[in-house]
Structures are given as C-alpha cells and as structure tokens.
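What follows is a single structure, written as structure tokens, with notes after it.
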Amino acid sequence: MPGKYQVTPRGRGTSPRQQAEWRQRHGQPIDLESQQGTILAIVEAIREAESFNPDIYDRIVRHLAREGHPILPKAVIRRGYLALIEAGIAPRNDLVLQRLQMKPTRTQSGVAPVTVLTKPYPCPGACVFCPDDVRMPKSYLSNEPGAMRALMLDFDPYVQTAERIKALRRIGHTVDKIELLILGGTWSCYPRDYQEWFVRRCFDAMNTTESPDLIEAYRLNENAPHRNVGLVIETRPDHISADEVVWLRQLGVTRVQLGVQSLDDHLLELNKRGHTAEESRRAIRLLRSSGFKIAVHWMPNLLGATPESDLADFETLWADPALRPDEIKIYPTGLIRGTELYDHYERGEYHPYDEETLIDLLAACKKLVPPYCRINRLMRDIPAPEIAEGVTTSNLRQIVQQRLRAEGSPCRCIRCREVRREPVDAEAVRIDQIEYQTDHSRELFLQALTGQDRLAGFLRLSLPISPAPIAEFDGQAIIRQVQVYGPVVGIDAESGQQAQHRGLGTRLIEEACVMAGNNGFTRIAVIAAVGTREYYRRLGFDLGDLYMSKEL
Ligand code: SF4
Ligand SMILES: [Zn+2]
C-alpha cells in the first residue's frame, strides 16, 4: 500500500507512528542504560496508585515528563521493566505488570481467545453477498484483520495457534485458558480428515508437544500449559445433522456459530442462501439438545429486506421457542464489489441502508435482546475500502449504545452487563434465575450478580422435555455453559479481587445440580471442553464418550 500507510515486514497495514510503536514493542532493543530511571519512576508511580485506568496512566506519564523524563510507549515500559526484573535490578510486582498489560480487554471475559483460519476451500453456498477471494476461505477477505495474519502463516493451524499464544503473552496476558475459534468458510464442508488434523495441530501448539492422534492430544491437554476451555467452529444450518453433532463432539467442539442470516424463506431464496428457515430451526434444536452453545449470525439489509421486515425478522428470533440463541452476531450486509449483490446494486435493485436508518434499526433490535443472550458483534470487521457503498462507521456499537442510554433503555444483553475489570466482592454476589422455554427444553439461565447488578458469571442449564439426539445423556439435565468473568488468572494463581477462581463457577454448578434434582432429574451432564475435564472430575463428574456426567 503506497503513501501514508505502509506495510511493515509482517504485513500489518499501519501508520508510521504505529509502525514505530510496533518496532519498539516487538524488536528494537531498549536502551536500558538511559531509560532505566524513567522506567523505574513509572513503575513506582503505577505501584503506588490506589486505582488504575488509562487516564491515570496518562497523568503519571505527563507528571514525570514535567520532571524531565522522556515519554516512552507503554510497551517499552513493560518490556524494560521485565528486563530490569530479569537483571535483578527491580523486584517483580504482579500488580504493576497487570497494570502495564496491553489491550486488557482481550482476556477480560476470563479466557484468552485464539482465532485461527482454515485453508481456502469451496463452499457449497452461492450467497449473493459473499466475496470470493481465491486466496482465502470463502467469505473472508485477505485484508481483514486476523485473516491477513492467517494468510501470511499459510493457514497452518500449529503456527497460527503458537503465534497467537506468543503474541498474547508478549503483551502481558495470561494464556493458560484458551478458547479456540476456528473460522473460515463452512467447517462442515471440509473433509473430516482435514478437520481432525487441523484440530490436532491446534492442540499440539497448546500442548507445546506433538501427539500421534487426537485422543492423545486431548489427554495431554488436560494438564497442558495452555488448556482448551472452549472450541468454536462456524457452519451452515443445512449441514447440521444427528451424525454431524456427534462428530463435532468427537472433535471437542463446545460452541457452534451458525449462519442463519434470515428467517424469511423468500429472502433466503433471493439471496441464494441454499437453506430454509426451517432448516435453521432444526439445526438449533439439534445443537441445543446436544448441549452446544449456539451463536447465530443474522444479517439485516439483505437483498429484498426493508428496515421494517428486518425488525420483524429479528423479533421472530426471540418469539419463536425453536430459536432463542445464546449469542448473536449481527452482520449488516456489506456491499462488496465483485459480488452478485453488487450487480443488483448497479442495476438499482439493491440499496444499502444509510447510517441513520441502520442505527435506528440496530437500536430497536438491541432493545429486543433478552438478558440470557450475548450480542457478540454489531458489525462485521470488513475493511472500509472494500465497502462499495454503505455504513463504514467503526464505532457503530458505541453510537447505538449511547443512543439507548440516552433513551433510558440500556442494552440488557450479557456483554453489556459483564463485570469487565471491576473488582468483585464474592460475598455480595447473588445468584438469580431467568427461565425460558424452547421447543425441546426448559432453559434455566443462572446469573451471578454483583451488588451493582453487574454479571460476574452465569450458567446455562437445559432441562429437556423430549429425548436427546445423543443416547449417552438421554434423560439427563445438561449444563451447556459455565462462564465466570474477570481477567484470566493463572490456573494455579491467586485471583485477588477478581471474579475468576473465587469458587463462583463451582457455586453455579452446585446450584444447577440442585435445580436439576428439584425438577426430577437423577443425572446431570456437562459439555466439557478438554481442558476443563480435570475441574469437573474434582466436582464428581465422570468422563463418558462425549460428555461428562454425574449422579445427583
Ligand atoms: S455459506 Fe457462508 S461462506 Fe458459503 S457462500 Fe454463503 S456466506 Fe459465503
Ligand atoms: Zn448488549
């Protein structure tokens, strides 16, 4: 890319200032001799600060600058401090290291996300809006963040995972609990031996050693340095079958991202999705009754849609007991050159919503989202230059949130209520329950709330009212998700005031067992990621073929 924005040796498109930061963070040696005084002064001030946030950090830096210290990037301070610790010049202080963490939001949900992409491979779909970049798995663009990284690493699962772990550690995160997100096209269309190899190589990287097969890789991961606490794939509704859910469990999958996009068969056809709304319902039923967490992708502004039809469609997601997903990614349709949708646009048959219309629609949608659901995204990260026409505002989420707050109806979704980095007083946490019905279960959403009504954790319990598709846990209650918030703390570390490791997860599980027992169930199962097996064993769960379970 010529001009103002250049590409660093590793292909990151950044401004010259960001590049300088990047070089200092990743490679350039630090001149400890001349910078030691400044680093120690900042470390001392950070240690002494009663509370800490980016504004306080800026104040510290400005104050020291007035005293004649040079202004150094935070990454340099962090690296310099680590070097001084190693040299025995400065004592190690974990609080200071935590405060010097870069991009703290990355692990604030309690686990470190590691995203990897599968190789380019054909997708049976012919969706009119889907870009076709031959170098990439279908639907991804080579200049999307994350996708670019995968391309540079040749889509190698081992290298992608290992590099991501390294990068997260380099900027100060604890990476011993990993949620692995496998993205790229339609997972279920890849040959199964490729799927198995891909997952095993990701596990090899987490285990930091190679295994001859998947079973051995899983066994090693139970005590590995980077344990897998969640495995996510993305696929199409028409590829979910009774056989497929068993296979996904064999691979260790715990969460499925499902491209539903619309619940209107006419729109699905117009946009050449190649599946019906009924197939989405069937897929969700199969996945939920097999204990998976379900993240639905939904697209407003498809060809043929109007803001009114979109809002009605979104309402159906919550009104219909066959749907009611656990998480949602809202991806307003992006108009990308070279797609069939672009031809429609050129013929005047398609118009992207303007910003005001989209904000109105998203605000109205957000108001409909129940508190048991998490809105993971409100916009897809398509690089602005790829969008031929339409909204490219990168802070759309904040704008919508501000609008809702101003109207006095803030979003109630999980994400908006998470404790983030606030300290949690475990004594004050109370557990309350939201109940809702699906077409095959009563769902109990147990939420752990702080004194300020922030969400410190939650548990999803399914109480089935019809037979399970997998015989192994037929007739059992099933825990589909246990989530405790707060920055990741090491598996054996003390957690201080944060929510993780304060026994909150155990408290939620005990509560779920009581609820299941009270409702007549004699056994409870859990869809346990490989790296959480040890934890569940300690709570009395035994490992079966695909699930863990225990007698009530
Ligand atoms: S199913 Fe997904 S990847 Fe396949 S064409 Fe449609 S949008 Fe693209
Ligand atoms: Zn929200």
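The values are calculated or read from the model by the stated rules, or taken from the named source; none is laboratory data. Since the model is a prediction, treat every value here as computed from it, not as a measurement. Here Cβ is always computed from backbone atoms with ideal geometry, including for glycine, and neighbour counts include all displayed protein chains.
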Scanning segment 508-530 residue by residue, those hydrophobic (A, V, I, L, M, F, W, C), in contact (Cβ under 8 Å) with a residue 24 or more places away in the chain and farther than 20 Å from Ala468 by Cα turn out to be Leu508, Ile509, Val530
Please enumerate the residues belonging to segment 148-166 that are touching a helix residue (DSSP H, G or I) at 6+ places or on another chain (Cβ under 9 Å) and either over 30 Å from Pro124 (Cβ atoms) or assigned to a helix (DSSP H, G or I) (or both).
Arg149, Ala150, Pro157, Tyr158, Val159, Gln160, Thr161, Ala162, Glu163, Arg164, Ile165
Please verify whether Gly390 is modelled with pLDDT under 95 and either on the phi > 0 side of the Ramachandran plot or in a helix (DSSP H, G or I) (or both), treating the condition exactly as stated.
yes
Of the residues in segment 347-369, how many are within 11 Å of ligand 2 (Cβ to nearest atom) and assigned to a loop (DSSP other than H, G, I, E, B)?
1
How many residues of segment 370-387 are of a type in the set (D, E, K, R), surrounded by 15 or more Cβ atoms within 10 Å (Cβ to Cβ) and not in a helix (DSSP H, G or I)? The answer is 3
Taking the condition of being within 18 Å of the chain's Cα centre (by Cα) and aliphatic (A, V, I, L, M), how many residues in segment 371-396 meet it?
4
Looking at (1) without any contact (Cβ under 8 Å) to a residue 60 or more places away in the chain; (2) within 10 Å of ligand 2 (Cβ to nearest atom); (3) touching a helix residue (DSSP H, G or I) at 6+ places or on another chain (Cβ under 9 Å), which one does Asn376 not meet, given that it meets all the others?
(1)
Would you tally the residues in segment 428-485 being closer than 24 Å to Ile240 by Cα and charged (D, E, K, R)?
7
Qualifying positions in segment 319-357 - under 30 Å from Leu461 (Cα atoms) and in contact with a strand residue (DSSP E or B) (Cβ under 7 Å, 6 or more places away or on another chain)
Pro321, Arg324, Pro325, Asp326, Glu327, Ile328, Lys329, Ile330, Tyr331
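Give the residues of segment 226-243 that are touching a Ser or Thr at 6+ places or on another chain (Cβ under 6 Å) and farther than 18 Å from Gly184 by Cα, sorted by residue number. Can you show your working first?
Applying the first criterion (touching a Ser or Thr at 6+ places or on another chain (Cβ under 6 Å)) to segment 226-243 yields 229-231, 235-237, 239.
Once the filter is applied, which keeps residues that are touching a Ser or Thr at 6+ places or on another chain (Cβ under 6 Å) and farther than 18 Å from Gly184 by Cα, segment 226-243 yields only Val229.
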Scanning segment 244-284 for residues that are under 23 Å from the mean Cα position of the chain (by Cα) and part of a loop (DSSP other than H, G, I, E, B), which turns out surrounded by the fewest Cβ atoms within 10 Å (Cβ to Cβ)?
Leu251
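The rows are residues; the columns are (1) more than 11 Å from ligand 2 (Cβ to nearest atom); (2) among the polar types (S, T, N, Q); (3) under 20 Å from the mean Cα position of the chain (by Cα).
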position	(1), (2), (3)
Gln401	no, yes, yes
Leu404	no, no, no
Arg420	yes, no, yes
Asp425	yes, no, no
Gln433	yes, yes, no
Thr438	yes, yes, no
Leu444	yes, no, no
Go through segment 246-266 and give me each residue that's out of contact with any strand residue (DSSP E or B) (no Cβ under 8 Å at 6 or more places or on another chain) and under 28 Å from Pro300 (Cα atoms).
Leu263, Asp264, Asp265, His266
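Yes or no, residue by residue, for (1) more than 30 Å from Val229 (Cβ to Cβ); (2) at pLDDT 75 or above; (3) surrounded by 13 or more Cβ atoms within 10 Å (Cβ to Cβ); (4) out of contact with any strand residue (DSSP E or B) (no Cβ under 7 Å at 6 or more places or on another chain):
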{"position": "Gly13", "(1), (2), (3), (4)": "yes, no, yes, no"}
{"position": "Glu21", "(1), (2), (3), (4)": "yes, no, yes, yes"}
{"position": "Thr38", "(1), (2), (3), (4)": "yes, yes, yes, yes"}
{"position": "Asp58", "(1), (2), (3), (4)": "yes, yes, no, yes"}
{"position": "Thr105", "(1), (2), (3), (4)": "no, no, no, yes"}
{"position": "Val111", "(1), (2), (3), (4)": "no, yes, yes, no"}
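What do you reckon, is Gly451 part of a loop (DSSP other than H, G, I, E, B), among the small types (Gly, Ala, Ser) and either buried (at least 18 other Cβ atoms within 10 Å of the Cβ) or not assigned by TED's automatic domain parsing to the domain that holds Phe52 (or both)? Give the steps one after another, and end with the answer.
Values: part of a loop (DSSP other than H, G, I, E, B): yes; among the small types (Gly, Ala, Ser): yes; either buried (at least 18 other Cβ atoms within 10 Å of the Cβ) or not assigned by TED's automatic domain parsing to the domain that holds Phe52 (or both): yes.
Spelling it out, Gly451 is indeed part of a loop (DSSP other than H, G, I, E, B), among the small types (Gly, Ala, Ser) and either buried (at least 18 other Cβ atoms within 10 Å of the Cβ) or not assigned by TED's automatic domain parsing to the domain that holds Phe52 (or both).
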Of the conditions (1) among the hydroxyl-bearing types (Ser, Thr, Tyr); (2) over 30 Å from Ala312 (Cβ atoms); (3) modelled with pLDDT under 95; (4) surrounded by 22 or more Cβ atoms within 10 Å (Cβ to Cβ), Tyr218 satisfies every one except a single condition; which number is it?
(3)
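Inside segment 405-420, can you point out the residues that are of a type in the set (D, E, K, R) and part of a helix (DSSP H, G or I)?
To start, the set of residues in segment 405-420 that are of a type in the set (D, E, K, R) comprises 405, 407, 412, 415, 417-418, 420.
The answer is Arg405, Arg415, Arg417.
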Which number in (1) at pLDDT below 95; (2) of a type in the set (Asp, Glu); (3) within 30 Å of Ala242 (Cβ to Cβ) marks the one condition that Glu422 misses?
(3)
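Look at Arg442 and say whether it is surrounded by fewer than 20 Cβ atoms within 10 Å (Cβ to Cβ), of a type outside the set (Ser, Thr, Tyr), modelled with pLDDT of 95 or more and more than 14 Å from Ile524 (Cα to Cα).
Answer is yes for this residue.
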Residues (more than 31 Å from the chain's Cα centre (by Cα), assigned to a helix (DSSP H, G or I) and in contact (Cβ under 8 Å) with a residue 12 or more places away in the chain) located in segment 43-75
Val43, Ala45, Arg47, Ile60, Val61, His63, Leu64
